[in-house]
Amino acid sequence: MTTTTTSPVLTATGVTMRFGGLTAVQAVDLDVHPGEIVGLIGPNGAGKTTFFNCLTGLYVPTEGSVAYRGTVLPPKPHLVTQAGIARTFQNIRLFANMTVLENVLVGRHTRTKEGLWSALLRGPGFKRAETASKARAMELLEFTGLADKADHLSRNLPYGEQRKLEIARALASDPGLLLLDEPTAGMNPQETRATEELVFAIRDLGTAVLVIEHDMRFIFNLCDRVAVLVQGQKLVEGTSETVQSDERVIAAYLGTPFEGAPGAEEAAEVEAAESGATGGATQDEAQRGPTARTEDGQ
Ligand SMILES: Nc1ncnc2c1ncn2[C@@H]1O[C@H](COP(=O)(O)OP(=O)(O)O)[C@@H](O)[C@H]1O
Ligand SMILES: [Mg+2]
């Protein structure tokens, strides 16, 4: 018997996160393989963001381990980024008073070798590195459709473009795996569609993607595989078709049965339900612009 084994980019094994008496994530196993787009769905409070925080070293899991290409990662965000995992946040985290280009350059710094002295002395090595970093950052702005805004302050970008900029900044660390936490939250249908195309393009360039999203149409169109978290536990994992037709998912998450593939009606229903639950916060965010780093790990 022949088996095709590609070693996973991500192997999460028995990841558990407890906060006092609350178990937010319980014994979750998840693999992501090269070339895959994997979705992570589940009701609000299911533990999706907490799971991302465990994968990226923001939280030290109570139990379990996270490996990137077979090597167990220390739970330190900068080491996780250096290893090859980049992420975006459910609540946008940009440097509001830096330009779009500067925000991407910040994301680039884990991949530049020039040290402190080189930077202070501004020698030829530093100049070369700086030029190369700028060129790469501009490439990423072209790729995400933000090149013409390179000199704008990030706080002046419309909300959808701030989300894109977060993706550009994450890509600047040349990740093998990109984690996206609700990348289309607060976007209009056109922006959501553009984000879908962007995620496909990222995958086609060789970066695997793990994405949390509430927009079912987005998830089921995009993902090769979908895992469903309910109350911290992985309830089901499978192809979009498998997950959509699983009775337990329908009961636990979707509430009402789906008639075949998700259509406009179902998507609208989910959107309406979501905007009832989280729309207020999203609108606030849109008006406030980029938020400062918060301590809640969101
Ligand atoms: N830092 C924290 N301290 C205590 N409880 C937390 C913390 N972060 C998340 N939680 C709790 O963990 C559960 C899962 O939250 P979260 O991962 O944000 O869910 P989701 O992203 O699926 O909506 C929630 O009950 C939330 O209140
Ligand atoms: Mg979340």
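The values are calculated or read from the model by the stated rules, or taken from the named source; none is laboratory data. Values in this document were obtained by computation on a predicted structure and should not be read as measured data. Glycine also receives a Cβ, built like all others from the backbone with ideal geometry; neighbour counts cover every protein chain displayed.
Brief remarks on what is shown
- The set of residues in the stretch 37-73 that are at positive phi, near ligand 2 (Cβ under 10 Å from one of its atoms) and touching a Leu at 6+ places or on another chain (Cβ under 7 Å) comprises GLY42, GLY47.
- Residue match in the stretch 273-292 (condition: in a strand (DSSP E or B), of a type outside the set (Lys, Arg) and modelled with pLDDT of 95 or more): no
- Taken over the stretch 208-232, the residue count meeting the criterion of being more than 16 Å from ligand 2 (Cβ to nearest atom), over 21 Å from ARG193 (Cβ atoms) and surrounded by fewer than 23 Cβ atoms within 10 Å (Cβ to Cβ) is 1.
- Of all residues in the stretch 168-193 being of a type in the set (A, V, I, L, M) and not in a helix (DSSP H, G or I), the one that is farthest from ASN44 (Cα to Cα): ALA172
- GLY238 more than 16 Å from the chain's Cα centre (by Cα) and either within 16 Å of ligand 2 (Cβ to nearest atom) or over 22 Å from GLY47 (Cβ atoms) (or both): no
- Being under 30 Å from GLY186 (Cα atoms), within 10 Å of ligand 1 (Cβ to nearest atom), in contact (Cβ under 8 Å) with a residue 12 or more places away in the chain and not aliphatic (A, V, I, L, M) holds for only one residue in PHE95, PHE19, PHE52, and it is PHE52.
- Selected residue (criterion: nearest to ligand 1 (Cβ to nearest atom)) from residues of the stretch 194-233 that are within 21 Å of ALA12 (Cβ to Cβ) and in a helix (DSSP H, G or I): ILE219
- The condition of being under 15 Å from the mean Cα position of the chain (by Cα) and crowded, with 23+ Cβ neighbours inside 10 Å holds for only one of ALA168, ALA137, that being ALA168.
- The single condition among (1) touching a Ser or Thr at 6+ places or on another chain (Cβ under 8 Å); (2) under 24 Å from PHE218 (Cβ atoms) that PHE95 does not meet is (2).
- Per the conditions (1) closer than 17 Å to PHE89 by Cα; (2) out of contact with any strand residue (DSSP E or B) (no Cβ under 7 Å at 6 or more places or on another chain); (3) modelled with pLDDT under 95, the sole criterion not satisfied by SER173 is (2).
- Residue under evaluation ILE41, criteria (1) under 19 Å from GLU237 (Cβ atoms); (2) out of contact with any helix residue (DSSP H, G or I) (no Cβ under 8 Å at 6 or more places or on another chain); (3) within 13 Å of ligand 1 (Cβ to nearest atom), criterion not met: (2)
- Where strands (runs of 3 or more DSSP E) sit wholly within the stretch 7-81, those with at least 1 residues that are at pLDDT 95 or above and surrounded by fewer than 20 Cβ atoms within 10 Å (Cβ to Cβ) occupy 10-19, 22-32, 63-68.
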